[in-house]
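One structure is given below, encoded as structure tokens.
What follows is calculated from the coordinates using simple rules that are stated; it is not laboratory data. Just so it is clear, the structure is predicted and the values come from calculations on it, not from any experiment. Cβ coordinates were reconstructed from backbone atoms using ideal geometry, including for glycine residues, and neighbour counts include every protein chain displayed.
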Amino acid sequence: MERRECPRYLVCVEIEIVDRGSRIPSRGNTTDVSLSGCYVATIFPLPVGAVVDIQMRIADGHIKGYGSVQTCHRGVGMGIKFADLTRDAIDRLDAYLQTVNSASAGEAALILQ
């Protein structure tokens, strides 16, 4: 049974994550993104439950907000669920994901089932 709220798209986006507990920033790349969260490839993932400030770079600027770590895979990465993206940020992210999906539709299916 699918538990995801939104479809995920295989897309590499630069992301900065700041753990609110330690205020230590880290940078990385997403392996997939949806309107409700993302997966970040990192060898040092934060623990489940960590609250993080995020800033993702997309074609027309940055998406800022915060979220929480939902999954942690040591040496691989972590899943982050977005908590407070503004309506504008969601609309911009949706437009970006639709553009990426449309541009790559002929190459491969980008939506993970």
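Return the residues of the range 5-35 that are within 10 Å of the chain's Cα centre (by Cα), assigned to a loop (DSSP other than H, G, I, E, B) and not hydrophobic (A, V, I, L, M, F, W, C); say none if nothing qualifies.
Ser34
Yes/no matrix, rows are residues, columns are (1) closer than 16 Å to Arg8 by Cβ; (2) in contact with an Asp or Glu (Cβ under 7 Å, 6 or more places away or on another chain); (3) hydrophobic (A, V, I, L, M, F, W, C):
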{"residue": "Ala50", "(1), (2), (3)": "no, yes, yes"}
{"residue": "Asp60", "(1), (2), (3)": "no, no, no"}
{"residue": "Val69", "(1), (2), (3)": "no, no, yes"}
{"residue": "Phe82", "(1), (2), (3)": "yes, no, yes"}
{"residue": "Arg92", "(1), (2), (3)": "no, yes, no"}
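What do you reckon, is Arg57 under 21 Å from Ser102 (Cβ atoms), of a type in the set (Lys, Arg) and touching a residue at least 24 places away in the same chain (Cβ under 8 Å)?
Considered against the rule, which asks whether it is under 21 Å from Ser102 (Cβ atoms), of a type in the set (Lys, Arg) and touching a residue at least 24 places away in the same chain (Cβ under 8 Å), Arg57 comes out as yes.
Whether any residue in the range 82-101 is touching a residue at least 24 places away in the same chain (Cβ under 8 Å), in a strand (DSSP E or B) and surrounded by 14 or more Cβ atoms within 10 Å (Cβ to Cβ) is what I want to check.
Within the range 82-101, one or more residues are touching a residue at least 24 places away in the same chain (Cβ under 8 Å), in a strand (DSSP E or B) and surrounded by 14 or more Cβ atoms within 10 Å (Cβ to Cβ).
Of all the residues that make up the range 58-72, how many are in a strand (DSSP E or B) and either among the β-branched types (Val, Ile, Thr) or exposed (fewer than 13 other Cβ atoms within 10 Å of the Cβ) (or both)?
5
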